[in-house]
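One structure is given below, encoded as structure tokens.
The values are calculated or read from the model by the stated rules, or taken from the named source; none is laboratory data. Only a predicted model underlies this, so the values are computations on that prediction, with no experimental measurement involved. Every residue, glycine among them, receives a Cβ derived from its backbone with ideal geometry; neighbour counts consider all protein chains shown.
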Amino acid sequence: MKRIFLFVLLSLILSGVSVRSQTTDSLSTVVSAKDTAWKAGASLSLTFSQAYFENWAAGGERSLALNSRGSVFAKYELDKVVWENLLDLAYGLTNQESTGYRKNDDLIEYTSKFGYKASKKWYYTAILNMKTQFSKGYDYTKEPEDTISDFLSPLTVNFAIGMDYKPNDAFSAFLSPANLKLIYVNDTIYSKRNSIESGKDLKTEFGFIAKIKYQKEIVENIDFLTKLDIFYDYLDTKVILYDGNERFKAPYISWEVLINLKVWKALSVNLNTHLIYDENFRELDESGTAKDPKIQFKEVFGVGLALKF
């Protein structure tokens, strides 16, 4: 299965290179170098917070937190062809006097979306999405802490072909009845947590996916972004609960909101929330039995630097 997984990844990458070479050749013959169809850019935000206490009567604990988030995009648009590429990176650390350094944010996500215009607002579209993290994640409720994730553990890959509805530059809704989803772990100690068969490193799913995105400057100096992903697997439709009972598996849901308020030049206030419901990810009890799925929620708020290129 690992060879199949690597073969699929290599095929997707090579197909992307092929498309890029073809569109680049087409670009060179249709437009001049001065009037290019490519647009690219990047954004970076750094958020910092600190709390210091010395003989404070009300009590308190010294803490320090630093969060970083960056995005790089490249978009090709010419005639009926639109090809969008986006790389999102995030990493954050917090340091408290009693616990030391702990990770509070971690993301590596690449999305490539190739579309061919079918009508005024609809595109035939193929999407490749790959998501993992930089470093190990821990469950600090256990003593000693339990390692629950790592780089490429898991790595989630989605490849879908469908239709993308784009009535304007701010909104898009992609629908596909044919999405191939691969869940890979670089170390099989993470297999059971990600609903992969014990001793194996790969799980294959196939089903329906919807990806909805809205991004706009809603008022001056306030940028708003929200993304909603919904996936339902046709192949694995049942889930076994902690008490041994079985029920139909709920769809995977990921809903993210990012609000950025520009205060002054490069100074900004930002809020990021992310809600996930994923029945593939399961906490384990002391005996290694998978617990019932739970809603995952993350919120990061801070003041810091925000740069756009």
Quiz item: Conditions: (1) closer than 30 Å to GLU286 by Cα; (2) within 20 Å of the chain's Cα centre (by Cα); (3) among the polar types (S, T, N, Q). SER172 meets all but one. Number of the miss?
Solution: (1)
Practice problem: Please work out if GLU299 is charged (D, E, K, R), over 22 Å from the mean Cα position of the chain (by Cα) and more than 29 Å from SER198 (Cβ to Cβ). | Solution: no
Exercise. Of all residues in segment 260-270, count the ones that are surrounded by fewer than 17 Cβ atoms within 10 Å (Cβ to Cβ) and either among the charged types (D, E, K, R) or modelled with pLDDT of 90 or more (or both).
Key: 2
Practice problem: Using the structure shown, decide if TYR184 is farther than 22 Å from PRO293 by Cα, of a type in the set (Phe, Trp, Tyr), in contact with a Phe, Trp or Tyr (Cβ under 7 Å, 6 or more places away or on another chain) and touching a residue at least 24 places away in the same chain (Cβ under 8 Å). | Solution: no
Self-check item: Members of segment 87-122 that are closer than 28 Å to GLY60 by Cβ, in contact (Cβ under 8 Å) with a residue 24 or more places away in the chain, assigned to a strand (DSSP E or B) and not aromatic (Phe, Trp, Tyr)
Solution: GLY92, LEU93, THR94, ASN95, GLN96, ARG102, LYS103, ASN104, ASP105, ASP106
Exercise. Kindly state which strands (runs of 3 or more DSSP E) lie completely within segment 188-259 and contain at least 1 residues that are surrounded by 15 or more Cβ atoms within 10 Å (Cβ to Cβ).
Key: 202-219, 222-233, 238-240
Quiz item: Name the pairs whose Cβ atoms lie under 9 Å apart, with the first residue in segment 189-210 and free of Cβ contacts under 8 Å to residues at least 24 places away in the same chain, the second among the aromatic types (Phe, Trp, Tyr), and 6 or more positions between them or separate chains?
Solution: ILE196/TYR184; ILE196/TYR190
Quiz item: Which residue pairs have Cβ atoms closer than 9 Å, lie 6 or more positions apart in sequence or on different chains, and pair a first residue in segment 229-252 that is farther than 22 Å from LYS131 by Cα with a second residue that is among the aliphatic types (A, V, I, L, M) and assigned to a loop (DSSP other than H, G, I, E, B)?
Solution: VAL239/ALA250; ARG247/LEU241
